[in-house]
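No lab work stands behind these numbers, since they all come straight from the coordinates. Since the model is a prediction, treat every value here as computed from it, not as a measurement. We place every Cβ from the backbone using ideal geometry, glycine too, and count neighbours over all the protein chains shown.
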Amino acid sequence: MTPPPALDRRWLQDAVDLSRRCPPKATAYAVGAIVVGRDGAELARGYSRETDSHVHAEESALGKLHGVDLSGATIYSSLEPCSARQRRSPTCTALILAAGIRRVVLAMREPPIFVDCQGVELLAAAGVEVVELPDLADQVRAINRYVMDVPGA
Ligand SMILES: [Zn+2]
């Protein structure tokens with residue numbers, strides 16, 4: 001069951017707006033993530049550094065949903081789910097797969113600044129539907145200007 005594109009865009013815009021709440025940190029992105037259930041209702045949301053200085057957006061949102069059936073859920077993330085991380089594991093890509101989520105909508109691929117991210121490739125290889133709405137990427141880039149727009153980035 002695929003939601004209409006306008007609905008995807010609205011949820012993803014909410015995730016982008018949510019990322020503005022992330023406490024700033026020079027060495028990490030600001031990301032927002034929202035999990036929406038099969039029936040179209042929001043289940044949980046999270047953002048980078050919401051609960052501690054290393055927690056990721058998807059990790060924070062999924063951490064609120066232990067024991068919930070997410071097989072029909074979609075996760076909206078302003079930035080590509082990570083596939084490698086420096087300070088903690090598992091990765092958000094692994095968490096999404098472990099949660100049984102089969103649909104991921106994102107605005108922007110992670111640029112190769114900190115690590116080589118292959119979240120989209122790994123999710124797609126596992127059979128997850130990955131939808132990119134790149135017209136929202138300019139907002140993500142602006143919010144992450146402190147990380148992305150530095151020399152060499
Ligand atoms: Zn992550």
query: Contour minus end-to-end for residue 51 and residue 135, with contour as 0.36 nm per residue of separation and end-to-end as the Cα-Cα distance?
result: 27.3 nm
message: What does the extension gain come out to for residue 89 and residue 113, with contour length at 0.36 nm per residue minus their alpha carbon separation?
response: 6.8 nm
- line: The long-range amide H neighbours of residue 43, using H built 1.01 Å from N in the peptide plane and a cut-off of under 5 Å, are 35, 36, 37
statement: Two pseudo-spin positions, 7 Å from Cα along C-beta at residue 126 and at residue 42, lie apart in nanometres by 2.5
task: Could you work out, for the chain, what percent of all Cα-Cα pairs fall into each 5 Å distance bin, beginning at 0 Å and stopping at the bin that holds the largest distance?
output: 2, 10, 21, 26, 22, 12, 5, 1, 0
Amide H partners (placed H, <5 Å) of residue 82, local residues excluded: 92, 93
message: Relative contact order of the chain, please, whole-number percent, based on alpha carbon pairs below 8 angstrom and at least 6 residues apart.
response: 20
statement: For the chain, longest principal axis from Cα atoms; helix 5-19 axis from its Cα atoms; angle between them, nearest 10 degrees, is 40
query: Based on DSSP, what percent of beta bridges with both residues in the stretch 5-147 are antiparallel, to the nearest 5?
result: 50
